[in-house]
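Report on one structure; see the data block that follows.
The values are calculated or read from the model by the stated rules, or taken from the named source; none is laboratory data. None of these values were measured; they are calculated from a predicted model. Cβ placement follows ideal geometry from the backbone for every residue including glycine, while neighbour counts extend to all protein chains displayed. Areas reflect the complete protein model, heavy atoms only, side chains present, ligands, DNA and RNA absent. Shrake-Rupley method; radii C 1.70, N 1.55, O 1.52, S 1.80 Å.
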Amino acid sequence: MTAHEREAASADGGRSTEEERAAEEERAVDQALALVGHQPRAGHRPPEGPGATPSKPPPSSPVSPPSAVSPPSSSPSSAAAAAAAAAAAAAASASAGPESRPDSGLTPSSPARSAQTPGAAMPSSPAPSSPAPVVSPLAAPAPAPAVDSASSRSHGASSADRPASSPHAHRTGSTAWHAARALAESLGRAAPLAAHRLPLGRALGHVLAEAVVALTDLPSFDTSAMDGWAVAGPGPWTVKEGEGLLAGRGSTEPLPDGQALRIATGARLPADATAVIRSEHAHCDEAKRLLYAGREVVQGQDIRPRGQECRSGDELLPAGTVVTPPVLGLAAAAGYDALVAVPRPRVDVFVLGDELLTAGLPYDGLIRDALGPMLAPWLRALGAEVAEPRRLGDEAGALRQALVSSDADLILTTGGTAAGPVDHVHPVLAEIGADLLVDGVAVRPGHPMLLARLAEGGPCLVGLPGNPLAAVSGLLTLAEPLLRGIAGRPAQDRYRAPVPQEVHGHPHDTRLIPVVHREDSVVPLHYNGPAMLRGIAAADGLAVVPPGGVRSGTEVEILDLPWASASPWTEGCFT
């Protein structure tokens, strides 16, 4: 077989693997959602104002309430969690390329071949105690990242060592990264949402629940595109007496053939006018009251004809469009005073950990809370309404009360997702009867993240690890797609970009690495350990590196950050 034939066969194998992975992800999501049930959340508001309509149809048939998480002593957390884990494992098996299988001969340090697909799940055996760190091949080695199990506790640069297990540890297996993301988005889209009518001044950042349809032609009459002269017929033209036509004012009488009349930009064109001559392209002989054109005059020039932009009834924007400032302007031009939009998802953030400081320098084993100040504005950038983060410490009772009393669409917790002596998230979820849908994701950093659905149609919960970059990983893996589904936002366009040099990865798990764009490629950044924020603070996005890593020139999936286009300063010492 020639080299060209081998490359073609490899490409065909990659496409086949990608199709199999997508099919298995879809099956995993369907199975998990079928067991959870598609019930509306208690916190959803009914439509407000006339014309409000549901943005999503209610379920066609009733479903049983979600099953409870089993007690901590049990091995599976719930029927739904077990099914989700099994389905995700199937998706993970399909998503792993041939290089990730035991008989492929790939060593942990070997780079993946180009046909490998990201998203392989972590094996059921325990993770290595010192996973291979991901560092930029262009940079000096950064400090070794902490083991991800510890990341569920630390909100700063360091944390005390925690036991690797506890009596209430009950993970049944990690979900493949792509499958976890797909499940989160599908779960968000499963619940019906009410729509409400918002005045234009309050609609910014919401998502359209109904299409914006033109209520009139735009423009609604022929208008002048320039300051100059409206003329009728061939020249030279006799200048008609009067002050001319201004926007919003002036006569609408027909313009006789052979005559010219002063006109301003935006003014309504008189009937029978054939063209507009710009002021700088015309010469007026005041004595003879004649107008001459300095260049050829073409019929219809510098006229905005009625309906040039749209006709009445044309769809201007589809449902699902995010309301931006230009959307508001277009809606106003089309005659709208209000828009029918999906309510912004409401999010509660609960910060866990007795070791966290809210001000000043770290001291005596206490560290600054890095997640409280970061999460609220990040979630607002994703279109959510976020309450002020609440600091609950390491009190299981306080966490339980906060969860059962929340009326948010989504709850985020920080830290406490592992199995240490004060990691209370799993026991509290079991106590209140939550469905644990994702209990660990095969991704580094951020492996101990989780996704749950509170009982009786309550809100969803995303448990973020406590290490800052690990929490960012959980935010982008679970919270961001879940919020996008709840808000009715369209799915992000998936795109890939090449890396200029080899990037090492975890032997079994997907890696998320902060990167910056450089011309047609992306460059990994320093300081990408689980407890570090220096890299992500300078990043345009995160590269999704499949298990085993990638060779130089390989394209990897990119997760953009919501503000990346506003950060041109990401140059210099970080790469």
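Does residue 523 satisfy being aliphatic (A, V, I, L, M) and within 22 Å of the chain's Cα centre (by Cα)? Here the answer is yes, as residue 523 does meet what is asked. Only a single item in (1) in a loop (DSSP other than H, G, I, E, B); (2) at pLDDT 90 or above; (3) farther than 30 Å from residue 422 by Cα is not met by residue 361, and it is number (3). If you scan segment 219-249, which residues turn out to be under 25 Å from residue 312 (Cα atoms), outside any loop (DSSP other than H, G, I, E, B) and hydroxyl-bearing (Ser, Thr, Tyr)? Of everything in segment 219-249, those that are under 25 Å from residue 312 (Cα atoms), outside any loop (DSSP other than H, G, I, E, B) and hydroxyl-bearing (Ser, Thr, Tyr) turn out to be 223, 224. Just one of 380, 390 is in contact with a helix residue (DSSP H, G or I) (Cβ under 7 Å, 6 or more places away or on another chain), under 18 Å from residue 479 (Cβ atoms) and surrounded by fewer than 21 Cβ atoms within 10 Å (Cβ to Cβ); which is it? Only one candidate qualifies: 390. The residue pairs whose first member lies in segment 257-273 and is in contact (Cβ under 8 Å) with a residue 40 or more places away in the chain, whose second member is hydroxyl-bearing (Ser, Thr, Tyr) and open to solvent by 70 Å² or more (accessible area, probe 1.4 Å), and whose beta carbons are closer than 7 Å, counting only pairs six or more residues apart or on different chains, are 268/252; 270/252.
So, in segment 223-239, of the ones that are β-branched (Val, Ile, Thr) and without any contact (Cβ under 8 Å) to a residue 60 or more places away in the chain, which residue ends up most open to solvent (accessible area, probe 1.4 Å)? In this case the residue turns out to be 238. Going through (1) open to solvent by 50 Å² or more (accessible area, probe 1.4 Å); (2) closer than 23 Å to residue 196 by Cβ; (3) over 20 Å from the mean Cα position of the chain (by Cα) one by one, residue 336 falls short only on (1). Just checking, does segment 320-335 include any residue being in a loop (DSSP other than H, G, I, E, B), within 21 Å of residue 266 (Cα to Cα) and either modelled with pLDDT under 90 or touching a Ser or Thr at 6+ places or on another chain (Cβ under 6 Å) (or both)? Within segment 320-335, one or more residues are in a loop (DSSP other than H, G, I, E, B), within 21 Å of residue 266 (Cα to Cα) and either modelled with pLDDT under 90 or touching a Ser or Thr at 6+ places or on another chain (Cβ under 6 Å) (or both). Looking at 252, 216, can you tell me which residue is assigned to a loop (DSSP other than H, G, I, E, B) and under 47 Å from the mean Cα position of the chain (by Cα)? The conditions single out 216.
So that you can scan it fast, the table gives a plain yes or no per residue for (1) open to solvent by 70 Å² or more (accessible area, probe 1.4 Å); (2) closer than 30 Å to residue 492 by Cβ; (3) modelled with pLDDT of 90 or more:
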residue: 241; (1), (2), (3): yes, no, no
residue: 250; (1), (2), (3): no, no, no
residue: 271; (1), (2), (3): no, no, no
residue: 275; (1), (2), (3): no, no, yes
residue: 284; (1), (2), (3): no, no, no
residue: 293; (1), (2), (3): no, no, no
residue: 296; (1), (2), (3): yes, no, no
residue: 316; (1), (2), (3): no, yes, yes
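Annotation: residue 188 fulfils all but one of (1) of a type outside the set (Val, Ile, Thr); (2) open to solvent by less than 10 Å² (accessible area, probe 1.4 Å); (3) at pLDDT 95 or above; the unmet one is (3). Cβ-Cβ distances below 6 Å connect the following pairs, each with a first residue in segment 472-501 that is under 15 Å from residue 346 (Cα atoms), a second residue that is among the acidic types (Asp, Glu) and open to solvent by less than 10 Å² (accessible area, probe 1.4 Å), and a separation of six or more residues or different chains: 486/409.
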